[in-house]
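Notes for the one structure printed next.
Just so you know, all these numbers are worked out from the coordinates, no wet-lab data involved. These numbers were taken from a predicted model, which means no experiment stands behind them. When we count neighbours, we look across all protein chains shown, and the Cβ atoms used for this are built from the backbone with ideal geometry, even at glycine.
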Amino acid sequence: MKKLVAIIEDDFELLGNGLGNVASLQYLPALAFANMADKRGIKLSFMVDVAQQLFLAPLRKSSRHIETQYSLWEHTVKTLKERGHDIQLHIHPQWLEASVEDDYYFLSNKWNLGGYTEVQQRQLVGDSIAYLNDLLRPIDPSYAVVGYKAGSWGMQPSSTLMSILKENGVNIVMGARDGMYIPGNGVDFRDMEEKSLPYHPNWSDLTKISKDKTGPVMLPMHSYAPGPVALANLVASKVFGRAKHVKRDMAHYQRRPTPKQIEGLSPLRGRQQLRLSARPYVTHLKIGDVPFSYLKSSFASVVSRLRRLDSPRIPIVIESHTKQFPGSYSDIERFLDHVMERYSNEVEFGTVSGFSKELQLNAALARP
């Protein structure tokens with residue numbers, strides 16, 4: 001019987017421009033999400049941004065505040081691992097050229113790891129994996145990094161990065177969604193040859209399928225175009241303030257108005273923005289500051305499409321940002337219960353590392 005494997009991957013990070021605090025944007029919402037999942041027997045995949053930790057590490061002795069955030073990050077990740085959740089790799093390379101001044105982190109505006117030099121890519125990936133191994137193998141000696149989620153979806157040009165990931169044992173990559181086009185960030189996933197099923201990508205063009213079964217397997221994010229009602233609900237949730245909870249937390253934490261240099265940092269230059277227009281708004285499955293009705297309709301749309309595909313095991317990647325969860329916890333719990341009740345015969349929850357093991361046992365689950 002065909003099974004759809006819902007993989008909730010959480011981009012565990014501060015805001016991409018460096019704003020925020022580990023306590024309010026990572027520790028508290030991640031543990032709240034873990035509590036929801038544990039109650040239902042669901043395992044989550046936390047894709048942790050290690051670049052943030054590599055930047056903070058040498059600054060720990062200079063500031064008790066930085067030491068607290070650094071240590072709290074580690075305690076959170078170890079707690080999630082001890083509770084049986086999956087910990088895999090996420091990288092925001094803009095931390096590479098960061099600096100700190102008056103309690104603010106000033107990051108670069110280069111969000112795409114694929115645009116960095118081979119030396120920078122190799123060091124950042126290698127150091128990140130070594131850090132996670134040192135942190136988590138005392139808890140689980142068999143722990144290994146097998147999955148990578150691109151920060152800000154950026155991994156083009158891809159040949160060098162894919163080679164480095166393979167060398168480091170990564171065999172699942174995520175971050176591509178058909179039609180995604182962000183020229184300011186070097187992201188172009190238009191006209192993907194495979195839009196829904198796992199596939200071996202051509203290293204020089206991730207939108208194409210490789211003829212060989214070599215290297216990491218791409219798990220595409222599934223596209224979704226909200227209908228009028230769902231889109232209206234999404235717009236309303238953005239306008240009327242789920243995200244205000246996050247901003248309010250930061251307002252209490254920061255001591256003065258945010259520097260304009262930081263506010264102007266964004267990977268979305270040139271990206272199709274959320275707006276009502278003749279051109280359909282296309283996005284992908286995600287959990288964050290959106291209402292239950294939107295979560296329900298988006299999942300139903302993707303499941304309906306996947307039912308028509310000929311494959312015994314199809315992963316459904318659901319992007320999550322726990323930093324956006326404050327104010328939305330009840331909607332998220334309703335969504336988890338809805339999936340377990342409405343789709344009990346065809347959907348099960350899985351993890352990145354779990355599906356990696358499935359691919360090793362059955363290579364036919366990924367298209368060559």
Q. Rounded, prolate or oblate: which fits segment 67-216 when a ≥ b ≥ c are the square roots of the eigenvalues of the alpha-carbon gyration tensor, with rounded for a/c under 1.5 and prolate only if a/b beats b/c?
A. oblate
**Q.** Average Cα contact separation per residue, segment 279-368, under 8 Å, 6 or more apart, as relative contact order %
**A.** 36
Q) Between Ile316 and residues 5 or more places away or on another chain, which pairs have amide H atoms under 5 Å apart, with H built 1.01 Å from N, and which residues are they? A) Val5, Ala6, Ile7
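Over the chain, what relative contact order in percent results from Cα pairs under 8 Å that are six or more residues apart?
On the way: 672 pairs, mean separation 90.3, N = 368.
After rounding, I find 25 percent.
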Q: Find out how many positive minus negative residues lie around Pro58, taking Lys and Arg as positive, Asp and Glu as negative, among other residues whose Cβ is under 13 Å from that of Pro58.
A: 0
**Q.** Under 5 Å, built H, 5+ apart or other chain: amide partners of Tyr224
**A.** Thr283, His284
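Rounded if a/c is under 1.5, else prolate if a/b beats b/c, else oblate: with a ≥ b ≥ c from the C-alpha gyration tensor eigenvalues square-rooted, which is segment 3-358? Don't skip to the end; give the middle numbers.
Numbers: a/c = 1.29, a/b = 1.15, b/c = 1.13.
Because its axes are fairly even, with a/c under 1.5, segment 3-358 counts as rounded.
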**Q.** Gaussian network model of the chain, springs between alpha carbon atoms under 10 Å - residue of Gln156, Gln121, Gln261 with greatest fluctuation
**A.** Gln261
Q | For segment 72-115 and segment 179-242, distance of Cα centres in Å | A | 23
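I want the antiparallel fraction of DSSP beta bridges within segment 3-358, as a percent rounded to 5. Working shown, then result.
Values: 10 of 43 bridges.
Restricted to segment 3-358, the bridges split so that about 25 percent are antiparallel.
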